[in-house]
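J.: This is the structure, below, for whatever I ask next.
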Amino acid sequence: MPSLRKRLADHPGVNRWAEDRLADYLRYAYRTSTFERTGFDQMDACVARGEPVIMALWHQRLVMAGYMFPLHLGPISSLTTSARAGRLAGEVLNRFGYDTVPMSSHKRHVSLSREVLRRIRGGSSIGIAADGPGGPPRVCSEVPLMWARVSGCRVFAVAFSANRAIKLPTWDRLMLPTPKCRGIFTCREWTGTVPRNADEAGIDRLRLDLEATIDAATDEADRAVGRTPDTAPKGLRS
């Protein structure tokens with residue numbers, strides 16, 4: 001029989017309460033703080049003219065994604081996992097206007113890719129934590145590259161940081177801004193292209209290049225608020 005803790009964690013009512021409280025906290029932290037949004041002109045222009053984009057970021061900075069994408073200009077779908085933490089993140093983003101694409105260990109990759117492409121062809125951008133759903137932290141997967149190749153979408157790396165923040169004891173040290181902080185959202189376009197006939201070595205070079213672009217956007221955000229960028233080895237970030 002499942003433990004009381006597990007039954008509570010899986011209870012729909014408890015989950016809805018937790019999702020509502022986290023969304024309320026993020027709104028309060030944003031409302032009482034000063035946030036700057038810089039570097040988003042090109043991404044906003046794409047969305048404004050109906051051109052879907054792929055928005056990639058590190059899982060650690062995911063909770064503020066609701067304020068990074070210009071939802072007043074177009075829709076976005078975010079990938080979420082069926083794991084408890086993934087469901088929580090997805091439902092919180094729902095409350096900020098995101099749609100979600102659930103990922104499941106039982107769903108074949110081809111089925112997921114078809115659903116993502118269906119969303120893109122319907123005019124929706126795609127948001128993805130490039131090191132999700134379970135890390136290693138700040139190690140980019142090949143998934144954004146595969147979708148960029150088949151969709152032709154431009155890829156933008158985004159991040160947020162704040163001078164005062166809480167890091168949760170999760171695998172990625174999920175970062176939450178505190179109320180009354182000074183924060184920033186940053187964006188950089190990834191300028192690489194993924195050839196349709198790219199071999200494994202070529203894909204890995206492109207993966208590392210995208211990883212460096214997301215790192216650059218994240219480090220830029222950290223420096224802008226006086227936070228020291230993380231220099232720990234990949235997979236061991238704190």
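The values are calculated or read from the model by the stated rules, or taken from the named source; none is laboratory data. Just so it is clear, the structure is predicted and the values come from calculations on it, not from any experiment. Positions of Cβ are backbone-derived with ideal geometry, glycine not excepted, and every protein chain shown enters the neighbour counts.
J.: Can you spot a residue in region 178-191 that is more than 18 Å from residue 127 (Cβ to Cβ), surrounded by fewer than 17 Cβ atoms within 10 Å (Cβ to Cβ) and of a type in the set (Gly, Ala, Ser)?
T.: To start, the set of residues in region 178-191 that are more than 18 Å from residue 127 (Cβ to Cβ) comprises 178-184, 191.
Now drop any that are not surrounded by fewer than 17 Cβ atoms within 10 Å (Cβ to Cβ), which leaves 178-180, 182, 191.
Narrowing the set further to residues that are of a type in the set (Gly, Ala, Ser) leaves none.
For region 178-191, residues more than 18 Å from residue 127 (Cβ to Cβ), surrounded by fewer than 17 Cβ atoms within 10 Å (Cβ to Cβ) and of a type in the set (Gly, Ala, Ser): absent.
J.: How about region 152-164: which of its residues are in a strand (DSSP E or B) and farther than 30 Å from residue 45 by Cβ?
T.: So the first thing to find is which residues in region 152-164 are in a strand (DSSP E or B), and the list is 154-162.
Result: no residue meets the conditions.
J.: Any residue in region 189-205 that is in a strand (DSSP E or B), over 19 Å from residue 70 (Cβ atoms) and either of a type outside the set (A, V, I, L, M, F, W, C) or at pLDDT 95 or above (or both)?
T.: Step one: list which residues in region 189-205 are in a strand (DSSP E or B), which gives 189-190.
Pick out the ones that are also over 19 Å from residue 70 (Cβ atoms) and you get none.
Within region 189-205, not a single residue is in a strand (DSSP E or B), over 19 Å from residue 70 (Cβ atoms) and either of a type outside the set (A, V, I, L, M, F, W, C) or at pLDDT 95 or above (or both).
J.: Would you confirm, using the coordinates I've provided, whether residue 176 is in contact (Cβ under 8 Å) with a residue 40 or more places away in the chain and either closer than 18 Å to residue 34 by Cα or out of contact with any Lys or Arg (no Cβ under 9 Å at 6 or more places or on another chain) (or both)?
T.: Details: in contact (Cβ under 8 Å) with a residue 40 or more places away in the chain: yes; either closer than 18 Å to residue 34 by Cα or out of contact with any Lys or Arg (no Cβ under 9 Å at 6 or more places or on another chain) (or both): yes.
Here the answer is yes, as residue 176 does meet what is asked.
J.: In this structure, is residue 56 surrounded by 17 or more Cβ atoms within 10 Å (Cβ to Cβ), aliphatic (A, V, I, L, M), part of a helix (DSSP H, G or I) and modelled with pLDDT of 95 or more?
T.: Details: surrounded by 17 or more Cβ atoms within 10 Å (Cβ to Cβ): yes; aliphatic (A, V, I, L, M): yes; part of a helix (DSSP H, G or I): no; modelled with pLDDT of 95 or more: yes.
It is false that residue 56 is surrounded by 17 or more Cβ atoms within 10 Å (Cβ to Cβ), aliphatic (A, V, I, L, M), part of a helix (DSSP H, G or I) and modelled with pLDDT of 95 or more.
J.: Which condition does residue 30 not pass, out of (1) at pLDDT 95 or above; (2) assigned to a loop (DSSP other than H, G, I, E, B), if it passes all the others?
T.: It fails just one condition, (2).
J.: When you look at residue 209, is it surrounded by fewer than 19 Cβ atoms within 10 Å (Cβ to Cβ) and not in a loop (DSSP other than H, G, I, E, B), yes or no? Give the steps one after another, and end with the answer.
T.: Details: surrounded by fewer than 19 Cβ atoms within 10 Å (Cβ to Cβ): yes; not in a loop (DSSP other than H, G, I, E, B): yes.
In short, yes.
J.: Here's another thing I want to ask about it. Exactly one condition in (1) under 16 Å from residue 186 (Cα atoms); (2) surrounded by 17 or more Cβ atoms within 10 Å (Cβ to Cβ); (3) in contact (Cβ under 8 Å) with a residue 60 or more places away in the chain is not met by residue 44; state its number.
T.: It fails just one condition, (3).
J.: On to the next question. How do the pairs read when you match residues in region 86-101 that are over 19 Å from residue 170 (Cβ atoms) with residues anywhere that are of a type in the set (S, T, N, Q), using Cβ under 6 Å and keeping only pairs 6 or more apart or on different chains?
T.: 98/78; 99/77; 100/78; 100/80; 101/77
J.: Here are 116, 158, 139: which of them is in contact with a Gly (Cβ under 9 Å, 6 or more places away or on another chain), surrounded by 18 or more Cβ atoms within 10 Å (Cβ to Cβ) and hydrophobic (A, V, I, L, M, F, W, C)? First the steps, then the outcome.
T.: Values: 116 fails: in contact with a Gly (Cβ under 9 Å, 6 or more places away or on another chain); 139 fails: surrounded by 18 or more Cβ atoms within 10 Å (Cβ to Cβ).
Every option except 158 fails the conditions.
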